[in-house]
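See below for the structure under consideration.
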Amino acid sequence: MGTYNFQEIEKKWQKKWKEDRVFVAEKLSDKPKYYVMDMFPYPSGKGLHVGHPLGFIATDIMARYKRVKGYNVLYPMGFDSFGLPAEQYAIKTGIHPAITTEKNIKHYWAQLENVGFSYDPDSMFSTADPEYYKWTQWIFIKMYQHWYNKTEECAQPIEELVKVFEKKGNAGVLAATTQEEAFTPEEWKAMRPPEQEEILMRYRIAYLDYATVNWCPALGTVLANEEVKDGKSERGGHPVERKKMRQWMLRITAYSDRLLKGLEILDWPDSLEAMQKNWIGRSEGASIHYEIVGHEERLEVFTTRPDTIFGNMFMVIAPEHPLVEKLTTKEQKAEVETYVDWAKNRSEVERMADTTKTGVFTGAYTLNPFTEEKLPIWISDYVVITYGTGAIMCVPGHDDRDYEFANKFDIPIREVIAGGDLSKEAYTSKEGKMVNSGFLNGLSPMEAIKAMNDELENRGIGKRKITYRQRDVVWSRQRYWGEPTPIIHKDGVTEPVAWEDLPLDLPEVDQYKPSATGEPPLSRAQDWVNLPDGGKRDMNTMPNWAGSSWYFLRYPDAHNDKAFADPKRMDYWLPVDLYIGGTEHAVGHLMYSRFWTKFLKDLGYLSVEEPFQKLVNQGMIQGTSQMMYRHKKTNKFVSADLIPEGEINEYSQLHADVNLVRAQVLDVEGFKKWTKDESAQFVLNEDKEFRTVPRVEKMSKSYYNTVDPDDMCAQYGADTFRIYEMFLGPIELSKPWNTDGINGVISFMRRMYNLFINDAEQFQVTDEPATKEELKALHTMIKQVGEGIDRMAFNTCVPAFMVFVKELGRMKCYKREVLEPFLICLSPFAPHVCEELWEMLGHGDSITLSSFPDWEEQYLVEDTVEYPVQINGKVRFKLSVPADMGREDIGKEVLAHETAQKWLEGKEPKKLIVVPGRIVNVVI
RNA sequence: GCGGAUGUGGCGAAAUUGGUAGACGCGCUAGAUUUAGGAUCUAGUGCCGCAAGGCGUGGGGGUUCGAGUCCCUCCAUCCGCACCA
C-alpha cells in the first residue's frame, strides 16, 4: 500500500505557498472579485482550539473554490488585539500588553499556518498596530466633526451647521439631536465658546454627554448595553450598576432607521436579522402632551395605543424623570424621596429578578384631554427613563403592567374595548369594538388608532411618532489597552488631535490599573496628558468594538499611510461577499460595522451602504469533558461504572484532561504524571479499566476539554482534520467535539491516495480513456460537490468524494481523465495532498491555477425510452421512462395525469420521468 | 411574555424546487486475513415479524395521485430580548 506521508507533504506545500506568494490577491483587477473573510480572532494566551477553525475552514474552502472558479479572491486574516485579557495580565505581571499580544499573535499565526489556510499574507494586520489605529482615531474624529441631517438622511460637516446657526438659528434644522430648545442667530452669537460647545455636542455623531451608563466597579469601567447580560458584565460576570457619567457616545440612533431598512437587502440568517430588528426596536405610536394641573409644564408621553385613551386612568413617570421634584407636593415629598432613593440604589439584577409593581403617588394630576378627568401622577420604576419619554399614560383595562399596578394601588379600571373579562385580566388584544370612548365608540381598535391620531394632531396636543429602543452607544472605556481618544480638552471646549499628530500613541505608564483616585489608567502618564499650552488630553480609550468596526475596509489596502484605504480598491472589493462568524456578535460588532460603513458612505469614502452581503453564523464546537469521581471520605478515585446510582453524592467530580481519555477509559499512569500525584489511588473495574463519564460543555481550558488543532494536524494531518471538521455536520450547527468518526476520514484519505500510488509505492495513473461508467461516477461527484459548496453544505460534499473513491477503487480506475478533475474538486478541502498528487501528475503549476470542472448532463441521465402521451385529449408531450420499463407501467400512471396537467398549465414540458408506481419528476 | 430556530435509526447526519426516507461516516453483528494494533478487507445493520407482510421523519389534523418537505394545531428542546409603554 502506498504510504500517505501527510507530515512531509503538508510541510512542503505550506512552505511553497508562502514562498511563491500564491494567495496574494491582485488588489485591483478587471477580473470578477470574491471577498471572503472570517470574524477575526482575539489572540488570547490560550491559543486556538479545534472550535475556532470550523468557520475558518469553511471560508478557506470558499476562497479556494472561488479561485478555481476563476475569481480574483481576497481572503484575509487579522487580529482583534485590543482587549481586556491582555490588560488584566499586564496588571498582574507588569508586562506591557503589546508584548503579550505580539507573542500571542505569533502563536495564532503558526497554528493557522499548520491548517493550511490560504490567507493573503499582505493583508494581515492587528488592530493594535499604530498604523492601523491611526485610522480608527481618524474615523472617530470624523464622527466628532459631523452631525446627522435628517432632512437629507446624511451625515454632514459640523462647520456647515455652525454657519446655519449663525444665519438662521437652529429652528429649521432637522437633526438627530437632543437639543430641544430653539435659539436665534443672535442668541447663538452671544454664547460663549463653552456654551456653543455644549450645544454642538448635542449634534455631533461622536459626542460627550452625561448619561446613565452601565458602571462595572469590578472592572473599573463603563460598559455598553451590548456588554451587559442579565445585569452582569458579559466578561467576567461582575455586577453592573447604573450611574450618571459624562462619557463619549456615538450617535448610532441617527442611523436606526437605515440600519433597520438595510437588513432587507442582506442575505443573513433569519435569527440574526430578527435580533438586530429587535435591538433597534422600532415602534409606531403617538406622543401626547398632557396638561398638568397647576403647572406650566406639560407631561409628554409615548404610547402605541392612542385608541385606549378614554381608559387612561392614571400616569406613571420614571424615578429619574426630570419633573419628579417639581411635581411632588409637600405632603408627598418624604415618601417620594424615600422611593426614588430606593429605586436608584436597586441593582439591575434585583430589578430584573423582582418585577412586582412598586410605586408612589406624587400628589400631582394631569388632565385627560378627552374625558377631562383628573389623573393622578405616580412614580414607578417599571417605567424606564431610557425609553420613550420616561413617562406613560396608563390604561389598566388594556395593558398587563398597568392592570397589575392599578390593582395593587386601588386605581379604578375602565373597559374601552369590548371582548375581555377585566375582572380577571387586562384585555390587550386589538380585536373587538371600542366602548365608553366618545367619538371612537363602535370602531375597531385599528380604526380607532387612526382616528385618534388624526384628532390629536388636529387639536395640537399630540402627533404620530416613531420610537426606537436602540440607544446611543457609550464609546469610552476607563482602560489602558485600547485606542486613545484623540481629543484635547482646553478652556472648557474640546478639539480633535491634529491629523498630522495621528496616530496618537498610547503612552507608557508605570502600572496598567486605574489610579488610586479612580482616574483611568492613562492619568498615570501626566506628561502625556498635560500639554504645554495648558490643554489636557482625553484619558479614555475606545472600547474593544472600535477596531473591529471597520477592519473589513482595511484588508484590501492594509498598509496605506495616506488614507484608511484607496477608494478605487474600496469600489472594487466591497461589499464583503461572505462573512462567517459566531452569533455572539449579532448586536455588537455587526451593528457597529454597519453603522460605520453607512457613516463613511455619507462622507463619500465608500459607495456601499452595507458591508457584509452574505453572513453565516458558524455553530460553536463544544467540548466533551471527561468527568471522574473521587470518594469524599476515602479520597480514592473510583471508576464510574462501579458507582451505584444512589451513592453519587458521596463523590466529588473532577475534570480529567480529555487527551488522557480514550473511549471513556482513563490513562491512569498519564493522569498521575499530569497531576504530579503518584500516590493517587484508583479503584478499577473488572476489566482493569478506569472509566470516566463524558459531559458536553463549553470548550475551555479550565475544564481540560480543549483540543489543540496542532495536535490534530500532527496526529492525523491537516487535510484529514479539515475534512473531518466539515464532515461533522452543517457549519451552522453547534456540536460537541469528538474524534470517534475520524477513522472514516482517514481510510478515505488512504483509499484516495491509493488511486494514485499502488501497494508497491508505484505511481499508477494511466492516460487510457475513461469508460462511460467511470465518467458517470466523476460527473455525479462534480455535480454534488459543486452544488454542495455553492450552498455551503460542505458536509454533503464529503460523502460525494467517499462514494466516488470507493467506486473508482471497485472499478480499478486509475485514469488521468477521471483523477485530474477529481483532484481539483477535492483541493479546496484537502489542499496539501491534492497539490502533491497534482505535481505527480506532471503539472508544474499550483492546482490553484487550474479551473473547476463543469458537470455534463449526458453522463448522468439514465437511458430512456420516450413514449408519446395524451392528456385529456389536449396536451401532447413525450414521456421518458427508464429503458427497462414497459408500456404497462405507464398505463398505471394515467390516473395521475389530470394533476400533471394542472402543474403544467402554461408550460411546455419536455419530458416526464417515471418510475414504477409514480411520476418522479417533470423536466421543463 | 415577545422574537427566531430546531425536532429523521444506537450516534453524527443526508434527502436543493413535494417524487424509491435514512446517502456517507461512526457504532454494532458475522466472516476473512493476519496475528496483539486504536490494523485491513467482505457482507449485514430503521422498527416489528420465521415469513409473506406491516409500521415508520416529535403528536394530531389537512392539501395532494404522492408530504421529512406545503398549510393548521399542539408538544418538546435550544438561542436571543425582556416591566420598551
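The values are calculated or read from the model by the stated rules, or taken from the named source; none is laboratory data. These numbers were taken from a predicted model, which means no experiment stands behind them. Glycine gets a Cβ as well: all are built from the backbone with ideal geometry, and neighbour counts include every protein chain shown. Side chains included, ligands, DNA and RNA excluded: accessible areas come from the protein's heavy atoms. Shrake-Rupley method; radii C 1.70, N 1.55, O 1.52, S 1.80 Å.
As a ratio to 2.2 N^0.38 Å, the alpha-carbon radius of gyration computed for segment A:719-773 takes the value 1.58. Less than 5 angstrom separates the built amide H of residue A:443 from those of A:434, all sequence-distant by 5 or more or on a different chain.
Carbon and sulfur: what percent of segment A:472-588's accessible surface (1.4 Å probe)?
Numbers: 2170 of 4450 Å².
On segment A:472-588, the fraction of accessible area on carbon and sulfur atoms equals 49 percent.
What fraction of the Cα pairs in segment A:547-613, stated in percent, has a spacing above 15 angstrom?
Values: 1109 of 2211 pairs.
The share of Cα pairs beyond 15 Å in segment A:547-613 comes to 50 percent.
Across segment A:846-852, coupling constants 3J(HN,Hα) worked out from phi with the 6.51/-1.76/1.60 Karplus curve, θ = phi - 60°, read 4, 4, 4, 8, 7, 10, 4 Hz, and Gly and Pro carry x.
Average 1/r across all pairs of distinct alpha carbons in segment A:260-343, invert it, and you get the Kirkwood radius: 16.6 Å.
Dipole size in debye (nearest 20) for segment A:298-422 around its Cα centre, Lys and Arg Cβ +1, Asp and Glu Cβ -1? Intermediate values should be presented prior to the final figure.
Numbers: 13 positive and 21 negative charges, 59 e Å.
Around 280 debye, computed over segment A:298-422.
In a DSSP loop and with at most 11 other Cβ atoms within 10 Å, the GluC sites (Glu not before Pro) in segment A:169-260 are A:180, A:181.
Dipole of chain A computed with +1 at Lys/Arg Cβ and -1 at Asp/Glu Cβ about the Cα centre; of A:622, A:343, A:380, farthest Cα towards the positive end is A:622.
Give the residue list of trypsin sites (Lys or Arg not before Pro) in segment A:229-262 that are DSSP loop and have at most 16 other beta-carbon atoms within 10 angstrom. Mind showing how you got there, number by number?
Working: sites: A:229, A:232, A:235, A:242, A:243, A:244, A:246, A:251, A:258, A:261; in loops: A:235, A:251.
Answer by residue number: A:235.
Using the 1.4 Å probe convention, the accessible area of chain A works out to 46 Å² per residue with neighbouring protein chains retained.
Divided by 2.2 N^0.38 Å, where N counts the residues, the Cα radius of gyration of segment A:20-113 comes to 1.32.
The loop-placed trypsin sites (Lys or Arg not before Pro) in segment A:14-46, going by DSSP, that have at most 15 neighbouring Cβ atoms within 10 Å of their Cβ come out as A:21, A:46. Estimated from the Cβ-Cβ distance and a Förster radius of 35 angstrom, the FRET efficiency linking residue A:30 and residue A:771 is about 0.25. Just so you know, the Cα atoms of segment A:26-77 work out to an Rg and Dmax of 13.3, 42 Å. Residues whose amide H lies under 5 Å from that of residue A:465, counting only those 5 or more places away or on a different chain, are A:285, A:286, A:287; hydrogens are built 1.01 Å from N in the peptide plane.
Rg over Rh for segment A:372-490 works out to 1.16, using Cα positions for both radii and the Kirkwood form for Rh. Using all pairs of distinct alpha-carbon atoms, the Kirkwood hydrodynamic radius of segment A:319-427 works out to 15.0 angstrom. Using a 1.4 Å probe over the heavy atoms of the protein chains, calculate the carbon and sulfur portion of the accessible area of segment A:74-158 as a whole percent. Carbon and sulfur together cover 56 percent of it.
Surface composition of segment A:632-749: carbon and sulfur atoms hold 47% of the protein heavy-atom accessible area at a 1.4 Å probe.
Distance between the C-alpha centres of segment A:639-687 and segment A:106-145: 44 Å, rounded to the whole angstrom.
Averaging Cα coordinates gives a centre for segment A:834-860 and one for segment A:214-256; these two points are 54 Å apart. All C-alpha to C-alpha distances of segment A:477-550, sorted into 5 Å bins beginning at zero, yield P(r) values of 3, 17, 25, 26, 19, 8, 2 percent in whole numbers.
Taking amide H positions as modeled 1.01 Å from N, with prolines and chain starts lacking one, the residues under 5 Å from residue A:183 and 5 or more places away or on another chain are A:170, A:171. Summarised as an ellipsoid, segment A:690-826 has semi-axes of 34, 18, 11 Å, derived from the eigenvalues of the Cα gyration tensor scaled by 5 and square-rooted, with the largest first. Across q = 0.13, 0.17, 0.21, 0.22 Å⁻¹, segment A:420-537 modelled as identical point scatterers on its alpha-carbon atoms has Debye log10 I(q)/I(0) values of -0.66, -0.98, -1.24, -1.26, in the order of the q list.
Over the C-alpha atoms of chain A, the Rg to Rh ratio, Rh being the Kirkwood estimate, stands at 1.03. Note on residue A:296 and residue A:174: their simple-model spin labels are 3.0 nm apart, each label 7 Å out from Cα toward Cβ.
Principal-axis analysis of the Cα atoms of chain A puts helix A:333-345 at an angle of about 20° to the longest axis. Spread over its residues, the convex hull of the C-alpha atoms of segment A:672-768 is 205 Å³ per residue. Using the Cβ-Cβ distance between residue A:190 and residue A:421 with R0 set to 60 Å, the FRET efficiency works out to roughly 0.45. Reported to the nearest whole Å, the Cα centre-to-centre distance from segment A:567-616 to segment A:736-798 is 37. Taking the square roots of 5 times each eigenvalue of the Cα gyration tensor of segment A:93-187, largest first, gives ellipsoid semi-axes of 48, 16, 10 Å.
What's the extension gain from residue A:454 to residue A:106 if we count 0.36 nm per residue and subtract their Cα-Cα distance?
Values: separation 348, 0.36 × 348 = 125.28 nm, distance 6.49 nm.
Using 0.36 nm per residue and subtracting the Cα-Cα distance, I get 118.8 nm.
Of the peptides A:210-216, A:168-174, A:590-596, A:542-548, the ranking by mean beta-carbon count within 10 Å, highest at the top, reads A:542-548, A:590-596, A:210-216, A:168-174.
Take every Cα-Cα pair in segment A:667-726 and report what % of them are more than 20 Å apart. Kindly include the intermediate steps, with their values, before the conclusion.
Working: 929 of 1770 pairs.
In whole percent, the share of Cα-Cα pairs in segment A:667-726 beyond 20 Å is 52.
Whole-Hz Karplus values for segment A:629-641 come out as 10, 10, 5, 5, 8, 7, 6, 8, 7, 10, 3, 4, 6 Hz, taken residue by residue from phi with 6.51 cos²θ - 1.76 cosθ + 1.60 and θ = phi - 60°; glycine and proline positions read x. The HN-Hα couplings worked out from phi for segment A:752-769 by the Karplus form 6.51 cos²θ - 1.76 cosθ + 1.60 (θ = phi - 60°) are 4, 4, 5, 5, 9, 10, 7, 4, 8, 6, 9, 6, 10, 6, 10, 9, 4, x Hz, whole numbers, x standing for Gly and Pro. Taking one quarter of the surface of the convex hull spanned by the alpha-carbon atoms of segment A:551-658 gives a direction-averaged projected area of 11.7 nm². Our summary of shape: the Cα atoms of segment A:386-450 have principal axis extents of 31, 30, 19 Å, ordered from largest down, in whole angstrom. Going by accessible surface with a 1.4 Å probe and the largest first, A:142, A:688 read A:688, A:142. To the nearest 20 debye, what is the magnitude of the charge dipole of chain A about its Cα centre, counting +1 on the Cβ of each Lys and Arg and -1 on the Cβ of each Asp and Glu? So the magnitude is around 360 debye.
The alpha carbons of segment A:131-193 give a radius of gyration and a Dmax of 14.0, 44 Å, in that order.
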